[in-house]
Structures are given as C-alpha cells and as structure tokens.
Number of protein chains: 2
Amino acid sequence: MVSKQRRHRYALILAGGRGTRFWPRSRKASAKQVLDLTGAGPLIRLTVERLLPLVEAQNILVLTSGELCEAVRRLLPEIPRRQILAEPAGRNTAPAIGLGAKILLDRDPQAVMGVFPADHHIGRAAAFRRLASAAWREAARGRMVLLGIEPRRPDTGYGYIEFPKNSLRPGSLEPAPVARFREKPDLATARRYLRSGNFLWNAGIFFWPAALYMERLRECLPETYSRIAALPAFGSRRFPQALAESFPGCDNISVDYAVLERTQGVVGLAAGDIGWSDLGSFEALYELAEKDAAGNASRGDLLALDASGNYADAAGKVVALLGVENLIVVDTPDALLVARRADAQRVGELVKALEGRGLKALL
Amino acid sequence: MVSKQRRHRYALILAGGRGTRFWPRSRKASAKQVLDLTGAGPLIRLTVERLLPLVEAQNILVLTSGELCEAVRRLLPEIPRRQILAEPAGRNTAPAIGLGAKILLDRDPQAVMGVFPADHHIGRAAAFRRLASAAWREAARGRMVLLGIEPRRPDTGYGYIEFPKNSLRPGSLEPAPVARFREKPDLATARRYLRSGNFLWNAGIFFWPAALYMERLRECLPETYSRIAALPAFGSRRFPQALAESFPGCDNISVDYAVLERTQGVVGLAAGDIGWSDLGSFEALYELAEKDAAGNASRGDLLALDASGNYADAAGKVVALLGVENLIVVDTPDALLVARRADAQRVGELVKALEGRGLKALL
C-alpha cells in the first residue's frame, strides 16, 4: 500500500551537465553523470538506486541533454522512456526545475517534488533516505526545503546557506529557517563561515510542491514561467515541438540565484554525515578513494616507488609511478592526462584548449 | 673494387642487452636495440645502416639473445641469417667479442673487426664513418683502437679513459696512446676528469685484428679462451650444440675490465662531435628531442598547460599535461610510466619490482 503522502512524491533528476573537469574520462557523449567514477557504478544509476526505496520508478523524471539522452535511458531501464527527456538547450536549473514541475503537475496537481543532481556521491544511502523522507514530509506541508551539508573545509567553490545562530541540529531531521543565501565566498570569508557553525553548503538538493515552485517562478522569472506554463500537456503530440521552440528562450539562470534567494520562508535540513561529495574534480575522487600507505589511490594495478599522494586511473593497465608526488594520472584509449592534484579544478581548461585546437574527437 | 684493407674489414654488433631503463617501452622480447626510441628507426637498424658504407653486409656479425634473435633478423634482412646469432647465455662483452673473433677468424685469419654496441645514437653518421675508417686503418697495423667521447658533463655513469697530458686532438683522426682506464668515478673525480681535458668517455666501440684479440684473451681469460677456441668451425653441424654447452661456462666479465685494462699499447681516437649518446635512459631521449618553448618534448600530440621540461611518449594518443614539471610520461597498451626525469636512471628498479611480483607479461 502506498501511503497518501508517498503517492504524491516525485523525483526530478537533473542530468544536463557536462563535467569537463573529469576529462579525459568525461566526454560530450559520456559526461560525468553516466560515468562510473568511484567504481560503484555510473553516478546517475547510483542516484536512482538511492531513491527507489522512496519513490516509484514511475514517479521519477530525468532531464538531460540530447547527447546523453540515449545513454541515460540505457542506464535507467526501470524508468519509463518518455520520462527521460532531453532539454532542447541547457538553461541552468531555474528553467529545468520549472519544466520538471510543469510536467509533474500535468499528471498530479498535488505533486511534491524532490530535485536531485545526477552526479553527486552519497556514501551513506540509508542516512540520506531518512533525511530525504523528512524533507519530503516538510515540503508536503507547503514549504520549500533544501538539504545543507556541514562544511568540512573553507571551500570557495560552493554557495553557502546562512542560518540563525544556534539553529542548526545536524542529523536531527529538524528543519531550520534559512537566514540568507551567500554566493561562493573568498577564502577569508569561507573560513569565517566554517568557524561560525551557522553555515551549510548548498548541495543543490531541494524539495517543494511543484505548484509552489511554479508560483515562485511566475513572480521571479515571469518570462520563463510563461514559456513553460504555456507548453501543451506532457505526452501530447504537440509537446516536443513546442518545447523545442519555446525552451531555448528561457532565462539561463540558477534556481538559487533566481528563486531561492528571493523567497521568504525557505527551510533547510542539516544533513549530518551522509557521506556527501559533489565529486567536483579528480581531487574529490582522490579524497574518497582507498589509499596505500604512501597515500596513493588507484583504480587498477599500481606500482609505486618513492611515489606518494597520487591518484591513478588507467583501467586494465599497470601504472608505474617513480619519484612523483600528488599527481593525477588518468588514461583513456585516445587521451592521457597528467596533472598536479592542486590543479584538479583547472582540468576543464584543457577541454577549452582542445576546443580551440578543433580536436573535436577528444571532447 | 674492394680495397685490400676493406676486404678484411668486419663488424661485430653486440645486441645482447635488455635496456630495462626504457621500460615500459622495452621488454624482454622487444629490448632497447630493436626499438625506435628516437623516431629515426630501430636502433640496431640505424647502427647497421651507419656501417653499410664501410663494411659489406656479408661481413657483419650480430650477437644477440635468444629472445631477440628473430626480431633482429627481421630488422636486418641484408645480413645473412646465420650471421645473426643468439648467445646461449649473456656473459658480458669479453666472451662475446671472443666468440665474434673466433667466428670471423674461421672465415678470414686476417679479419680486422670493429665492435659496436647495437643501441647507441650517433647523430652525425658521416663524421662517425671518417673516424671508424681511421680506426680500422690503425687497427689493421696490428693495434687495439678505441673511440673515446669528449665528456660534456661530469657523468658518473661511464668508464673514463685517461690520456697523457695534451695528447688529445679531438676530431683529428690521430690516435693517442691510452695512459690508463678508469672505472666509473664519483662526482668529484668526474669533475676533475672533465676539467683536465685528458679524459674521454669509453663508448664501447673498439677496433682490432681478431687474431690479436684472441691472443689477448688467451693471456687475460685463459678458461674463456679455451672454451671459445675449442669450438668447432662456425657453420659446421656441431657448432650450435658445442656453443650451447660451452659458452655458459665462460667468465661473465667486460672487455674493458678483463682485457683492455691489462693490455699495453692500446690507442684511442678522440671522436670530436659525432653526436654520440648511449641513450642510457629516457633522460637521454629528452636531451636529444626537439622541445617546445617550455622545454617539453613529445612523440605525438601534446597539450601542455603551465607544464615544462616534460618528456612524453604515448604514440597515437593526446597527452595533456597540466601544471607538471620535469616528468617522464611513457604510455604503452598494457603499462604506463610516470616518473621524475631526475629518476630516469632508476626505471630499471621498476622492472625488478615487477619481477618480484611475478608480473611476467609486463617484463
């Protein structure tokens, strides 16, 4: 028996990104979310498996890109094909969530949607599900809810969410009111946030009634709202053509910036230890991986001699490291990357350089 | 018309080594001498082509290992098959040259042999040939002649040859008497040698009458001499079996140590600039290679971002280097090496480690 609450529960998985920081493993046609980066399985597959105990496969919607759509469908056979949908153009999260909300509302005006990035790692799935269940319950009461991650370091790559002093009870499943959203800070500011204990990382995981989101979209991004609200019913013959014509005209903007920062009454759940990582770069994979006594992490056979702190990924091949430290070594059949771990965030620059050289086969 | 002198000219090419410092490119069945390490061709092929204007192909003898024999024969189709011979066991240069001398003497008691490593690089072939011709002429007068290379740096990896003060005229083709052989020196000693101007590197290239070498071998290594001198005639039915039984009992020792250091009247020719390198390691390949503005050398496509002083060899693959300096990156289908250039001499240690792990397929 599906409870009344659970009956209206839906998941929107956002899988439109490209993940150039994982080049040469990630390519246009095999982006980060469809790769098995941790060895546990393709990230989008793990994302869905994590949710299946909470949401019927029939109630999961996936938005991705045209290049990835077929690959995603192959990885998620339990989800109805038509619910794995290509955005006609990447327009960031505010329009994508709007499109998802519209599609869900066509089916269930009481839909309460959770929004999940397809390409995050969550090591403790059961803890995550307790949290998500609590968030869905809270959202079903008509609120906008987000998951926040306790900062582990003064990271300058995340948006931060500020809460009133002493309001956070990590892992307690008790929501706290959001005081303010903060853009990616500089290092000094990030350090201050970390010390204060009132800040969480914004993990891009949200819960709200689909109807409430559309209402907020109408106020915050009226042009985008109109384009999405005017689409014919999902599943109708006219839908695909109308989407292709209308969606590219939406604002290209994130939900955080366009909607959440301008909305009162948003609440947050401090995740506690759910083993979350956004897998932002090879450095994140290194941090998650098991390491030998010298701090080397490897997928496949590694032979390390006076080598320490390295991350090697060259499936099916022995990697021999001699005298080197803190490197990323990633091998694929047509491209090989050797980078400093400290430069992991810059790997995307190589993809830009390849684009500049017209080496399309490698993108 | 072949001149009288040239008629007795023979070349012995020593191709028995393994070259583990070029792993993973070098393997037991594709050792350094059969590899195209510089991009100009397999080293042994280049060695023979360098000599062919001076010596008939019929007069070239190659000693190699059982593992490499067929590969060497394929690379040297102009040399009669039976003159490309596998030593039953590696016994260093003194016995190998003895075996070569014996085989040549069976054919021509007046044979004057040049001895050449199969795996050196010589950039200026014409200059080398002028020098080798002069050396053969000198050897035909009944002398033991060696080529010496002017030191370019205080290298501790070579044997040095000392000459009387002010006796060396590099590139003059005038032989000078050897005063003394010096083992691989420590750095301070090597610096002193370099400053003095009286020292040359021993390049392992020798010229002498085959009969004179056998005479010296009889005095210096009588047991080895007896084993070799007692072999049946080369080409006879009994030769292979007798060689297989007798040769492994020879002393395992170098010609420098066993014979040259104990022989009076050896002369040397200072090579001048013949572009010599023994290609001792990937570092030597880096030094020879063309480099980009940041000092990166690469075989194949290289994409370097804030990367300098690196050597990359990954044929058929783009190598992307980000933020790394002074590395060796060598890719093969089943093994990938990343090492500091400063550790180039230590690459052989990896091969030992693989042997220790029983990873025979990679040796």
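Checking each residue in the stretch A:305-326 for being outside any loop (DSSP other than H, G, I, E, B), facing chain B (nearest Cβ under 7 Å) and touching a Gly at 6+ places or on another chain (Cβ under 8 Å) picks out A:305, A:318, A:319.
Which one of these is closer than 15 Å to residue A:111 by Cα, touching a residue at least 12 places away in the same chain (Cβ under 8 Å), among the small types (Gly, Ala, Ser) and surrounded by 23 or more Cβ atoms within 10 Å (Cβ to Cβ): A:11, A:15? Full working, then the answer.
Numbers: A:15 fails: closer than 15 Å to residue A:111 by Cα.
Answer to the check: A:11.
Scanning the stretch A:303-312 for residues that are surrounded by fewer than 24 Cβ atoms within 10 Å (Cβ to Cβ) and more than 15 Å from residue B:352 (Cα to Cα) returns A:308, A:309.
Could you say which residue among B:330, B:338 is more than 7 Å from chain A (Cβ to nearest Cβ), over 27 Å from residue B:202 (Cα atoms), of a type in the set (Val, Ile, Thr) and assigned to a strand (DSSP E or B)? Talk me through it step by step, then tell me what you get.
Working: B:338 fails: more than 7 Å from chain A (Cβ to nearest Cβ).
Unique residue meeting the criteria: B:330.
When we screen A:173, A:243, A:200, A:212 for residues that are assigned to a helix (DSSP H, G or I), under 23 Å from the mean Cα position of the chain (by Cα) and in contact (Cβ under 8 Å) with a residue 12 or more places away in the chain, the only hit is A:212. Scanning the stretch B:7-35 for residues that are farther than 14 Å from residue B:76 by Cα and assigned to a loop (DSSP other than H, G, I, E, B) gives B:8, B:16, B:17, B:18, B:19, B:23, B:24, B:25, B:26, B:28, B:29, B:31.
If you go through the stretch A:134-155 and keep only what is surrounded by fewer than 20 Cβ atoms within 10 Å (Cβ to Cβ) and either in contact with a Cys (Cβ under 7 Å, 6 or more places away or on another chain) or within 26 Å of residue A:280 (Cα to Cα) (or both), you end up with A:150, A:151, A:152, A:153, A:154, A:155.
With respect to residue B:337, is the statement that it is within 30 Å of residue B:363 (Cβ to Cβ) and of a type in the set (A, V, I, L, M, F, W, C) true? Steps first, answer last, please.
Working: within 30 Å of residue B:363 (Cβ to Cβ): yes; of a type in the set (A, V, I, L, M, F, W, C): yes.
Considered against the rule, which asks whether it is within 30 Å of residue B:363 (Cβ to Cβ) and of a type in the set (A, V, I, L, M, F, W, C), residue B:337 comes out as yes.
Only residues that are of a type outside the set (Val, Ile, Thr), in contact with a helix residue (DSSP H, G or I) (Cβ under 6 Å, 6 or more places away or on another chain) and over 27 Å from residue B:113 (Cα atoms): list them for the stretch B:2-35, please. Those that are of a type outside the set (Val, Ile, Thr), in contact with a helix residue (DSSP H, G or I) (Cβ under 6 Å, 6 or more places away or on another chain) and over 27 Å from residue B:113 (Cα atoms): B:21, B:22, B:23, B:26.
Please work out which residue is farthest from the other protein chains (Cβ to nearest Cβ), limiting yourself to the stretch B:341-350 and to residues that are surrounded by fewer than 21 Cβ atoms within 10 Å (Cβ to Cβ) and under 20 Å from residue A:301 (Cβ atoms). Per the criteria, the residue is B:348.
Evaluating residue B:272 against the criteria (1) facing chain A (nearest Cβ under 9 Å); (2) farther than 30 Å from residue A:335 by Cα leaves one unmet condition, (1). When you check residue A:260 against the structure, is it within 14 Å of chain B (Cβ to nearest Cβ) and modelled with pLDDT of 95 or more, yes or no? For residue A:260, the condition - within 14 Å of chain B (Cβ to nearest Cβ) and modelled with pLDDT of 95 or more - is not met.
Part of a strand (DSSP E or B), in the same structural domain as residue A:176 (by TED's automatic domain parsing) and surrounded by fewer than 22 Cβ atoms within 10 Å (Cβ to Cβ) - does that describe any residue in the stretch A:258-266?
The answer is no, given that none of the residues of the stretch A:258-266 is part of a strand (DSSP E or B), in the same structural domain as residue A:176 (by TED's automatic domain parsing) and surrounded by fewer than 22 Cβ atoms within 10 Å (Cβ to Cβ).
The values are calculated or read from the model by the stated rules, or taken from the named source; none is laboratory data. These numbers come from a predicted model, not from an experiment. Every residue, glycine as well, gets a Cβ built from its backbone with ideal geometry; the counts of neighbours run over all protein chains shown.
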